[in-house]
Amino acid sequence: QKEVEQNSGPLSVPEGAIASLNCTYSDRGSQSFFWYRQYSGKSPELIMSIYSNGDKEDGRFTAQLNKASQYVSLLIRDSQPSDSATYLCAPITGANSKLTFGKGITLSVRP
Amino acid sequence: DVKVTQSSRYLVKRTGEKVFLECVQDMDHENMFWYRQDPGLGLRLIYFSYDVKMKEKGDIPEGYSVSREKKERFSLILESASTNQTSMYLCASSLRDRGFAFFGQGTRLTVV
């Protein structure tokens, strides 16, 4: 089983809609989780971090974590064309904080 | 401002050459990472280092080695480059107790 699984894409939503991006992970010991955004031809950049069960909101972004189900998600409200990018889920594993990424899901927001 | 700098943006090497990719961070981070990114395969961890001279294998270490002699510098070495190592290589660094990483600009390596 791969360490990090992201649901298959690509995902296409109309402008103004809610985009829902999902991720499951295999290491029950993972304590910290990150969402990165990567525009085409650019390096990944951190957009959200979440460390405890529940929801964490930052502007139009909400990260959700359920450690019992080993599930983390990212919701983007009022999606904009500028949100079109690949979104990568990344849990921290191990005593030395190894950072492993899912394959990513490509989001396209239609004007 | 946070900075992770990779020595080359584009690199073309011949099959069989020894290749060095260098990465430097100025944030005093304990952890440094090397990933490669290929279409459809996402970001795959090659190696990471959690301290000077300390390293841990990632998912795809075969054909690669690393060196970390100083805290700020992490080198990826391709002992004998092959065409299947043509890829985008990304370096990142992080504080161990915070976890989230900052990335360099990437090195597009082509092996011919």
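Exactly one condition in (1) at pLDDT 95 or above; (2) surrounded by fewer than 23 Cβ atoms within 10 Å (Cβ to Cβ); (3) out of contact with any helix residue (DSSP H, G or I) (no Cβ under 9 Å at 6 or more places or on another chain) is not met by A:Lys67; state its number.
(1)
In this structure, does B:Ser8 turn out to be assigned to a loop (DSSP other than H, G, I, E, B), more than 10 Å from every other protein chain (Cβ to nearest Cβ) and exposed (fewer than 13 other Cβ atoms within 10 Å of the Cβ)?
On the way: assigned to a loop (DSSP other than H, G, I, E, B): yes; more than 10 Å from every other protein chain (Cβ to nearest Cβ): yes; exposed (fewer than 13 other Cβ atoms within 10 Å of the Cβ): no.
For B:Ser8, the condition - assigned to a loop (DSSP other than H, G, I, E, B), more than 10 Å from every other protein chain (Cβ to nearest Cβ) and exposed (fewer than 13 other Cβ atoms within 10 Å of the Cβ) - is not met.
Only one of these conditions is not met by B:Leu41: (1) without any contact (Cβ under 8 Å) to a residue 12 or more places away in the chain; (2) touching a strand residue (DSSP E or B) at 6+ places or on another chain (Cβ under 7 Å). Which number is it?
(2)
Just to verify a result, which residue in region B:82-97, among those that are surrounded by fewer than 21 Cβ atoms within 10 Å (Cβ to Cβ) and more than 8 Å from chain A (Cβ to nearest Cβ), is nearest to the chain's Cα centre (by Cα)?
So in region B:82-97, the residues surrounded by fewer than 21 Cβ atoms within 10 Å (Cβ to Cβ) come out as B:82-88, B:95-97.
With more than 8 Å from chain A (Cβ to nearest Cβ) added as a condition, the list becomes B:82-88, B:95.
Working: B:Ser82: 17, B:Thr83: 18, B:Asn84: 16, B:Gln85: 13, B:Thr86: 14, B:Ser87: 12, B:Met88: 10, B:Leu95: 17 Å.
If we take residues in region B:82-97 being surrounded by fewer than 21 Cβ atoms within 10 Å (Cβ to Cβ) and more than 8 Å from chain A (Cβ to nearest Cβ), then B:Met88 is nearest to the chain's Cα centre (by Cα).
More than 9 Å from every other protein chain (Cβ to nearest Cβ) and touching a residue at least 40 places away in the same chain (Cβ under 8 Å) - does that describe any residue in region A:50-59?
Scanning region A:50-59, I find no residue that is more than 9 Å from every other protein chain (Cβ to nearest Cβ) and touching a residue at least 40 places away in the same chain (Cβ under 8 Å), so the answer is no.
Does A:Leu46 satisfy being under 13 Å from the mean Cα position of the chain (by Cα), under 25 Å from B:Asp97 (Cβ atoms) and within 12 Å of chain B (Cβ to nearest Cβ)? Break it down stepwise before answering.
Values: under 13 Å from the mean Cα position of the chain (by Cα): yes; under 25 Å from B:Asp97 (Cβ atoms): yes; within 12 Å of chain B (Cβ to nearest Cβ): yes.
The answer is yes for A:Leu46.
May I ask you to say which residue of B:Glu56, B:Glu30, B:Glu72 is within 14 Å of chain A (Cβ to nearest Cβ), surrounded by 14 or more Cβ atoms within 10 Å (Cβ to Cβ) and in contact (Cβ under 8 Å) with a residue 24 or more places away in the chain? Spell out the reasoning first.
On the way: B:Glu56 fails: in contact (Cβ under 8 Å) with a residue 24 or more places away in the chain; B:Glu72 fails: within 14 Å of chain A (Cβ to nearest Cβ).
Result: B:Glu30 is the single residue among B:Glu56, B:Glu30, B:Glu72 that is within 14 Å of chain A (Cβ to nearest Cβ), surrounded by 14 or more Cβ atoms within 10 Å (Cβ to Cβ) and in contact (Cβ under 8 Å) with a residue 24 or more places away in the chain.
The values are calculated or read from the model by the stated rules, or taken from the named source; none is laboratory data. None of the values given here were measured: they were computed from a predicted structure. Cβ: placed from backbone, ideal geometry, glycine included. Neighbour counts: every protein chain shown.
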